[in-house]
Amino acid sequence: MKYLMWDVDGTLVLTGGAGKDAMINVIKDYYFLDAFDFTRSLAGRTDSDIIKSVVTRLRGRCSSAEAAGLLIRYHMELPKQLPLHKGRVLKNVEKTLAYFAKPGSKYLNCLLTGNTRTGAQEKLAYYGLDKYFSFDHSVFGEVSEKREELARIAFSRFFLMHNQSFSPEQMIFIGDTPNDVKCAHSISARCLVVLDGSSYKREDFAEDKPWKIIDALPDEPEQLEQLLNEA
């Protein structure tokens, strides 16, 4: 069995900024701010890192309790924002997920995302994609602020599940940012970058080089399977 470790935003779906606006609304409401915006890009970061960095910026420090409370508020706000934004499932995503989720597949669709588990479920359910994933084999952004740590946690889980007969070669990360590449490299796994929904260009991956870069998921999922089967 090989595990496809999918990113969510920019790889599977574009929410039109629903997640960002949900966080902004929560922060403005909780801290009684008239206006707020992020000073750094959110791409490839974990939700816990985003929240803690914002609270530290506003208050000088951030406790785990405060971060957890804000994330709960975010989980309540996100479902309200999703219908208000013009998002979409990216090209060939659903047919690809369905192909790898079919009975007898040698692949398992998992998630390795900076989204929290609840946030990922909300987004994927809204776009009808949640049914294709094994959430129990996935790792989410509340587990650690550091994206690379998510990869190490995922590998450790599979290593123990397979009675220590497990290799990073059995995990293939699929994402759209240099952080996805760094995440895969942290455990010597492969990373496939899909540019279709990415805010990055090929030249942005010159330093952190992925295993492969493609413009979009192919029209025929069999072509992706052939690519993934390459040594």
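The values are calculated or read from the model by the stated rules, or taken from the named source; none is laboratory data. Here the structure is a predicted model, which means the values were calculated and not measured. We work out accessible area using only protein heavy atoms, side chains counted, and drop any ligands, DNA or RNA first. Shrake-Rupley method; radii C 1.70, N 1.55, O 1.52, S 1.80 Å.
What to note about this one:
- For the range 163-176, the Karplus equation 6.51 cos²θ - 1.76 cosθ + 1.60, evaluated at θ = phi - 60°, returns couplings of 6, 6, 9, 9, 10, x, 5, 7, 10, 10, 8, 10, x, 9 Hz by residue, with Gly and Pro reported as x.
- A convex hull fitted around the alpha carbon atoms of the range 153-219 yields 90 Å³ per residue.
- Cα convex hull of the range 1-132, projected area averaged across orientations, nm²: 8.6 nm²
- Sulfur and carbon atoms: percent of accessible area, the range 52-133 [1.4 Å]: 52 percent
- Candidates SER64, SER134, SER186: whichever shows maximal mean-square fluctuation once the chain is modelled as a Gaussian network with Cα springs under 10 Å: SER64
- Here the ratio of the Cα radius of gyration of the range 111-222 to 2.2 N^0.38 Å is 1.08.
- Only alpha carbons enter this Debye calculation for the range 53-130, each as an equal point scatterer, and the log10 of I(q)/I(0) it gives at q = 0.12, 0.19, 0.22, 0.26 Å⁻¹ is -0.51, -0.93, -1.08, -1.26.
- Expected 222 nm ellipticity per residue - DSSP helices of 4 or more, -39500 (n - 2.57), all of the chain, to 500: -12500 deg cm²/dmol
- Residues of type lysines that LYS2 reaches as a straight line, Cα spacing below 22 Å, ignoring anything fewer than 8 places off in the same chain: LYS95, LYS102, LYS106, LYS131, LYS182, LYS209, LYS212
- Eligible lysines near LYS80 by straight Cα distance, threshold 19 Å, same-chain separation 8 or greater: LYS20, LYS28, LYS123
- Where the chain is the region considered: accessible area per residue in Å², 1.4 Å probe: 48 Å²
- Quick note on the range 112-167: its Rg to Rh ratio, both from C-alpha atoms and Rh being the Kirkwood radius, is 1.03.
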